[in-house]
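Participant: Right, I'll just put the structure down here and ask away after.
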Amino acid sequence: DNAVMLLDAAKGLEPQTRKLFEVCRMRKLPLFTFVNKMDRPALSPYEIMDQIEQEFGLETYPILWPIGDGDRFKGVLDRMNDVVHLFDRGDRKSKAEVEVVPMSDLATLEERINDEELFEKLKEDQELLGELISPLDMERVMAGEQSPLFFGSAMTNFGVQLFLDKFCDMGTKPNGRLANIQEEVKGKKAKEKASANNNDDDEADELISPGHEEFSGFVFKTQANLDPKHRDRLAYIRIVSGSFQKGMKVGHSRSKPGKKYNLAQAQTLFGSDRESVEVAYPGDVIGINNPGNFAIGDTLFTGNEKIAFPGIPSFSPEKFAYIRNPNPSSYKSFQKGIEQLLAEGAVQALRQRNDEGGGPLILAAVGQLQFEVV
């Protein structure tokens, strides 16, 4: 429904950012930009804005504006509410202590910032942005033509919560999704219908809206070994319609008609935190236990109609590498690990022509970072 573009304050736009931006533009997603690592030496905020506009043709509207960078990073100006959030550096495990000062209280601001150069620059930036930057237009944001811009530091745990609050307020509501819908039948009728459908074009042409009564959702990610002690595997599902109820039985877009799966347990994840879920609604993302039945692009649904959402688009690989197991005694573990990574979509696997399985495996990826994950 929405996308967040995460930038490194020192590096600006990177190759993987450019690649992912193409997907956002293709799907016309509202794009929110968060510039991270302001606690380190960084590019000028104006330089970052120019990079985005020149390379992507995307206008930005600063909402959280930084005060300094690196060791002199003092906080951010909230231009929507005309207040300054100043923070004291804490340790990495706890939230930074924040003090909120109205921009109109210049005397207190000057005292708290305790840096004449930064204080004068803050006043200058506020005036400059107010005069030169086009106003925020939510219609253009929803069309992907303008991007709200935020600055902060995840390492010092500052600015992230401010961004998340604004993102929840400004982001678009859960959207519906086009799907291919068929009546679910069994036995001979199912075979006849399947053979008939083989001759038809199975394009997704019916919109499943969030208000649709029956539950539907699609798997967009799988992940293994989140908890090494239990060797668990999770499938992440984005709910499109209806509501999830703990213990509900669902159909599967790739399974035989009538076969149901029991979703006995679900959880939400944010960072390293997990919470059990009893009920979830359209737009929510839940993680369900995956014994190997669910893959990226699968659709889960309830009701008498079989729903199949289009698969998740993937990029053509641009980088290739051989992978070999140096220890033959750990063949089974090595093979299992590769299979899990392939199921997660981390990389693609290829083999040389005429190789029936005995030769070295070729990994294919879009960027170098994927090889580092492997």
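Participant: Against the definition (modelled with pLDDT under 90 and within 22 Å of the chain's Cα centre (by Cα)), how does residue 269 come out, yes or no?
Facilitator: The answer is yes for residue 269.
Participant: Does residue 234 qualify as being out of contact with any Pro (no Cβ under 9 Å at 6 or more places or on another chain), in a loop (DSSP other than H, G, I, E, B) and at pLDDT below 90?
Facilitator: Taking the combined requirement at face value, the residue does not satisfy it.
Participant: Restricting attention to segment 336-364, and to residues there that are among the acidic types (Asp, Glu) and loosely packed, with under 13 Cβ neighbours inside 10 Å, which single residue is modelled with the lowest pLDDT?
Facilitator: 356
Participant: Let me ask you something else. Which of the residues spanning segment 11-39 are open to solvent by less than 50 Å² (accessible area, probe 1.4 Å) and of a type in the set (A, V, I, L, M)?
Facilitator: 13, 23, 29, 31, 35, 38
Participant: I would also like to ask the following. Give 26, 49 a once-over and let me know the one that is without any contact (Cβ under 8 Å) to a residue 60 or more places away in the chain and in a helix (DSSP H, G or I).
Facilitator: The unique qualifying residue is 26.
Participant: Same structure again: So residue 107 clears everything in (1) open to solvent by 70 Å² or more (accessible area, probe 1.4 Å); (2) in contact (Cβ under 8 Å) with a residue 24 or more places away in the chain except one condition, right? Which one?
Facilitator: Looking at each condition in turn, residue 107 falls short on (2).
Participant: Next question, about the same structure. Run residue 42 past the list (1) of a type in the set (Gly, Ala, Ser); (2) over 22 Å from residue 136 (Cβ atoms); (3) surrounded by fewer than 18 Cβ atoms within 10 Å (Cβ to Cβ) and report the number of the one that doesn't hold.
Facilitator: (3)
Participant: Within segment 323-374, which residues are polar (S, T, N, Q) and under 23 Å from residue 232 (Cα atoms)?
Facilitator: Listed by number, the residues that qualify are 330, 333, 335, 340, 348, 370.
Participant: Identify all residues within segment 237-254 that are assigned to a loop (DSSP other than H, G, I, E, B) and either farther than 20 Å from residue 177 by Cβ or in contact with a Lys or Arg (Cβ under 6 Å, 6 or more places away or on another chain) (or both); write none if there are none.
Facilitator: Once the filter is applied, which keeps residues that are assigned to a loop (DSSP other than H, G, I, E, B) and either farther than 20 Å from residue 177 by Cβ or in contact with a Lys or Arg (Cβ under 6 Å, 6 or more places away or on another chain) (or both), segment 237-254 yields 246, 247.
Participant: If you check residue 369 against the conditions, is it over 30 Å from residue 180 (Cα atoms) and in contact (Cβ under 8 Å) with a residue 60 or more places away in the chain?
Facilitator: yes
Participant: Could you please find all residues in segment 277-294 being of a type in the set (Gly, Ala, Ser) and either open to solvent by 60 Å² or more (accessible area, probe 1.4 Å) or at pLDDT 90 or above (or both)?
Facilitator: Within segment 277-294, 280, 283, 287 meet the criteria.
Participant: State whether the residues of segment 309-316 include one that is within 24 Å of the chain's Cα centre (by Cα), surrounded by 15 or more Cβ atoms within 10 Å (Cβ to Cβ) and among the polar types (S, T, N, Q).
Facilitator: No - not one qualifying residue is present in segment 309-316.
Participant: For the condition farther than 14 Å from residue 147 by Cα, in contact (Cβ under 8 Å) with a residue 40 or more places away in the chain and among the small types (Gly, Ala, Ser), what is the one hit in 70, 75?
Facilitator: Numbers: 70 fails: in contact (Cβ under 8 Å) with a residue 40 or more places away in the chain.
Result of the check over 70, 75: 75.
The values are calculated or read from the model by the stated rules, or taken from the named source; none is laboratory data. Just so it is clear, the model here is predicted, and its values are computed rather than measured. All Cβ positions, even for glycine, are placed from backbone atoms using ideal geometry, and neighbour counts span all protein chains on display. Each accessible area value is taken on the protein alone, full model and side chains, heavy atoms only, with ligands, DNA and RNA left out. Shrake-Rupley method; radii C 1.70, N 1.55, O 1.52, S 1.80 Å.
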